1. Can you give the Rg to Rh ratio of the stretch 26-81, both from alpha-carbon atoms, with Rh computed by the Kirkwood formula?
2. Please compute the contact order of the stretch 1-92 in relative form: average sequence separation of alpha-carbon pairs under 8 Å and at least six residues apart, divided by the residue count, as a percent.
3. Packing-wise, with mean Cβ within 10 Å as the measure, how do 46-59, 12-25, 86-99 rank, highest first?
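Where a number appears in this text, it was derived from the coordinates with a stated rule and is not lab data. The shown structure was predicted, so the numbers you read here are calculated from the model rather than taken from an experiment. Positions of Cβ are backbone-derived with ideal geometry, glycine not excepted, and every protein chain shown enters the neighbour counts.
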Amino acid sequence: SYYDHPDFHAASLKTLDYRKRTDHTTIASWTPEQFQRFYSESAATRSELRMYVPPMQPTLNDLAQRVLYDEKVTQTFFPKVPVTHIGATRTNWECAWGYLATKKRYEEEVANGHKAHWDHPEELLDLVVAGIRA
């Protein structure tokens, strides 16, 4: 679904759209052939839903921490791999809040004279993770 957050850039939980779904959905624009090709209820049930509950959430958290902060793992498997943080303004409220909280924290750091993205990339990644957890 595409959500209408009344004041997205206010970065407030009060201004986010909490509906479970909306009338504007991606699959509504699909042809029957595309629906047949791209959607499988059994696959969604087997994989998508399980990503949001234990043991997957703690496992994903652990893997993210290791990939982003474990120096040995980073240097061995991901040397010089850039990390890009992307947010969407019409996504569900959980994803929107993660983006907004991260952006707010980053702006606070910059306002205080911290330029983590230039001088301290590791610190910037810490801010991203902290914003997601907020």
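1. Rg/Rh: 1.23.
2. On the way: 51 pairs, mean separation 33.6, N = 92.
Rounded, it is 37 percent for the stretch 1-92.
3. In decreasing order of mean packing, 46-59, 12-25, 86-99 become 86-99, 12-25, 46-59.
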